[in-house]
Amino acid sequence: MSEELRPTSAGIGRVLIAVYGILALAAIGRSTYQIITKFDEAPLAYSLSALAAVVYVIATVALVARGAVWFRIAVIAIVFELVGVIVVGTLSLIDPELFPDDTVWSLFGRGYAFIPLVLPVLGLLWLRRVARARATDARTQVLA
């Protein structure tokens, strides 16, 4: 019952879902175009853009859906995204030859106004807040 009281899609969660949805569409469009038209030029970069698209879709769906399983999926997807942005961002600085063309996560999401770097941090903070509120609601129900 506490999950019904505190869905991840309430409040600022709606903004997060909207941004994740927009990033999902942008990454799907970018990676599809890159893979279809010039995959042989930078297969790693374009594959990583496709991976980012999949992660953004999963995060979007998981934030919208209700239930403990979807909550865990949201956490996993967003942590994976944060690790991906940090690893790819760092590698694209250290060894730019690895990425002859940008990915969504190159240079920490510079091509997307650094939103790919900031968004998972905000997403994880939001999920932590929701989890704490759910735990408080559950304790309150047990005491009542």
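The values are calculated or read from the model by the stated rules, or taken from the named source; none is laboratory data. Keep in mind that this is a model prediction, so the values were computed, not measured. Every residue, glycine as well, gets a Cβ built from its backbone with ideal geometry; the counts of neighbours run over all protein chains shown. Areas reflect the complete protein model, heavy atoms only, side chains present, ligands, DNA and RNA absent. Shrake-Rupley method; radii C 1.70, N 1.55, O 1.52, S 1.80 Å.
Only residues that are among the hydroxyl-bearing types (S, T, Y), free of Cβ contacts under 8 Å to residues at least 60 places away in the same chain and closer than 13 Å to Y20 by Cβ: list them for the stretch 59-114, please. Within the stretch 59-114, just T60 meets the criteria.
Among the candidates A65, A52, the residue that is touching a helix residue (DSSP H, G or I) at 6+ places or on another chain (Cβ under 9 Å), surrounded by 17 or more Cβ atoms within 10 Å (Cβ to Cβ) and small (G, A, S) is uniquely A52. May I ask you to list the residues in the stretch 64-81 that are at pLDDT below 95 and closer than 16 Å to L119 by Cβ? Selection gives V64 alone.
For the stretch 18-49, filtering for residues that are closer than 15 Å to L119 by Cα and either open to solvent by 30 Å² or more (accessible area, probe 1.4 Å) or acidic (D, E) (or both) leaves 4. Checking each residue in the stretch 1-40 for being at pLDDT below 80, farther than 17 Å from I78 by Cα and among the hydroxyl-bearing types (S, T, Y) picks out only S2. The residues of the stretch 68-80 that are open to solvent by 70 Å² or more (accessible area, probe 1.4 Å) and touching a helix residue (DSSP H, G or I) at 6+ places or on another chain (Cβ under 8 Å), listed by number, are W70, F80.
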